[in-house]
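The block underneath contains the structure these notes are about, expressed in structure tokens.
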Amino acid sequence: MRPVVQLTPGITRLVVNQRKEYLQDKRVRQALSYAIDRDHPQRTRVSGAWRTYLFRNLYATVGQPRYRHL
Amino acid sequence: MGWDFDRVLIYWSNTPPEDVDVRALYLQDAYAEIGLTLEIESRQYGAVADAHNEGFYDLTFLGGGSDALDPHFAIRTYTCGGTWSIWLGYYNERLEEKRLAGMSTSDPDARQTVYREASLILNDELPFIYLFRLPTVYAISDRLAEFEPPIWFRHANSTMMDWVLAD
């Protein structure tokens, strides 16, 4: 058995509703973009590093059966 | 720019209730560092779709599409009057001109010029905020030869006629 890895053609993106008056100024969206460390969301999603978030955030559901393998 | 730092942004998550939208949790932390408050609300996918249609969401995540393929695929997302144009509330006539110009020529140099100009507009105005691409991993038997990853994982069998299985 051997692994073959390919990047998906799709890109995960943050959707900003520009019908809201307060999100229409592009400088707001630029600030929203610059505040994000691009590497972090991907790490949290695709690697074991996201466990850190599970344990430190109130929204986490640590202890549920589906996370016990972590 | 007059941003009201008392404003609370609502992030709509369509992650199932038993799951955790870790991207949203990260976002909440990252925006807290620049003084923005993000509240996460979990909704069924249908409700999030309604939010797109009706326009009462602030932020959501979406993944997928074909934005990493040839630019003439990607730029369709921003077609003025198209679904995403309506959902995002984004309309740019200059970008629409570039989209039409890109489709009207097959000259590589002309296409490069047009799509570079389009990317400059998109990187400046950020109708979407692009984040990352996920890898698709295939586990391939050592007996299987001539496997080519398909362009889209749901089409995993699309190259099957070329596969060779050793005895």
For the subset of region B:8-37 comprising residues that are under 15 Å from B:F56 (Cα atoms) and modelled with pLDDT of 85 or more, which member is surrounded by the fewest Cβ atoms within 10 Å (Cβ to Cβ)? B:V8
Take residues that are within 13 Å of the chain's Cα centre (by Cα) and facing chain A (nearest Cβ under 9 Å) and tell me which of the helices (runs of 4 or more DSSP H) falling wholly in region B:14-78 contain 3 or more. none
Given the condition under 26 Å from B:N123 (Cβ atoms) and aliphatic (A, V, I, L, M), answer yes or no: does some residue in region B:35-45 qualify? yes
If you take the residues of region B:38-79 that are of a type in the set (D, E, K, R) and in contact with a Gly (Cβ under 8 Å, 6 or more places away or on another chain), which of them is modelled with the highest pLDDT? B:R76
Contacts under 9 angstrom Cβ, first residue in region B:116-130 being within 11 Å of chain A (Cβ to nearest Cβ), partner outside any helix (DSSP H, G or I) and exposed (fewer than 15 other Cβ atoms within 10 Å of the Cβ), 6 or more apart: B:Y130/A:R38
Cβ-Cβ under 6 Å, sequence separation 6+ or interchain: first residue in region B:135-146 and more than 7 Å from chain A (Cβ to nearest Cβ), partner assigned to a strand (DSSP E or B) and among the aliphatic types (A, V, I, L, M). Which pairs? B:R143/B:L165; B:L144/B:L165; B:A145/B:V164; B:E146/B:V164
Tell me, yes or no, whether region B:123-131 has at least one residue that is of a type in the set (S, T, N, Q), at pLDDT 85 or above and in a helix (DSSP H, G or I). yes
Any residue at all in region B:101-108 that is buried (at least 17 other Cβ atoms within 10 Å of the Cβ) and aliphatic (A, V, I, L, M)? no
Which condition does B:F5 not pass, out of (1) more than 7 Å from chain A (Cβ to nearest Cβ); (2) closer than 21 Å to A:T8 by Cβ; (3) touching a Gly at 6+ places or on another chain (Cβ under 6 Å), if it passes all the others? (2)
Evaluate the following for B:G55: is it on the phi > 0 side of the Ramachandran plot and assigned by TED's automatic domain parsing to the domain that holds B:V8? yes
Tell me yes or no: at least one residue of region B:82-105 is closer than 30 Å to A:V5 by Cα, acidic (D, E) and out of contact with any helix residue (DSSP H, G or I) (no Cβ under 6 Å at 6 or more places or on another chain). no
Could you check, for region B:152-159, whether at least one of its residues is at pLDDT below 90 and assigned to a strand (DSSP E or B)? no
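The values are calculated or read from the model by the stated rules, or taken from the named source; none is laboratory data. Values in this document were obtained by computation on a predicted structure and should not be read as measured data. Neighbour counts run over all protein chains shown; Cβ positions are idealised from the backbone, glycine included.
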